[in-house]
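**Student:** Have a look at this one.
The values are calculated or read from the model by the stated rules, or taken from the named source; none is laboratory data. Quick caveat, the model's predicted, so the values are computed rather than measured. Here Cβ is always computed from backbone atoms with ideal geometry, including for glycine, and neighbour counts include all displayed protein chains. Note: accessible area is taken over every heavy atom of the protein model, side chains too, but ligands, DNA and RNA are not part of it. Shrake-Rupley method; radii C 1.70, N 1.55, O 1.52, S 1.80 Å.
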Amino acid sequence: MSLLTTPYAWMSDEAVLLPAVLQGMMWVNRAQLKLRSQFVILIFVCLNLLLLLILRAQVSHSTGIYFWSSLVWFSWYWYAKSFSKDDLAA
């Protein structure tokens, strides 16, 4: 939540999101996914690939183009958390 409320956003600060993103991957990996869920995950993957392409192109941080990355990762965690209920039932 801290990354969503900061007045600045550096890519190196977003490393704190890595455990949450990995936890979400574990929840999704254990679930049986419907076609809709697979499509949503594909959208998240495409957005992350777009971010990697922007990083590869070495676009300056001062352009503000990276503002959406923390929103995507927070949204990923929020979406993947819906699959954690399967983990509690087991």
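**Student:** Is it the case that some residue within the range 40-59 is more than 17 Å from Glu14 (Cα to Cα) and at pLDDT below 85?
**Tutor:** no
**Student:** Which residue is modelled with the lowest pLDDT, if the candidates are limited to the range 63-90 and must be in a loop (DSSP other than H, G, I, E, B) and among the hydrophobic types (A, V, I, L, M, F, W, C)?
**Tutor:** Restricting to residues being in a loop (DSSP other than H, G, I, E, B) and among the hydrophobic types (A, V, I, L, M, F, W, C), the top hit is Ala90.
**Student:** Could you please find all residues in the range 38-62 being open to solvent by less than 90 Å² (accessible area, probe 1.4 Å), free of Cβ contacts under 8 Å to residues at least 12 places away in the same chain and part of a helix (DSSP H, G or I)?
**Tutor:** Ile43, Val45, Cys46, Leu50
**Student:** Working only within the range 63-90, note down all residues that are open to solvent by 80 Å² or more (accessible area, probe 1.4 Å), under 20 Å from Gly24 (Cβ atoms) and without any contact (Cβ under 8 Å) to a residue 12 or more places away in the chain.
**Tutor:** Passing the criteria: Trp78, Lys85, Leu88, Ala89, Ala90.
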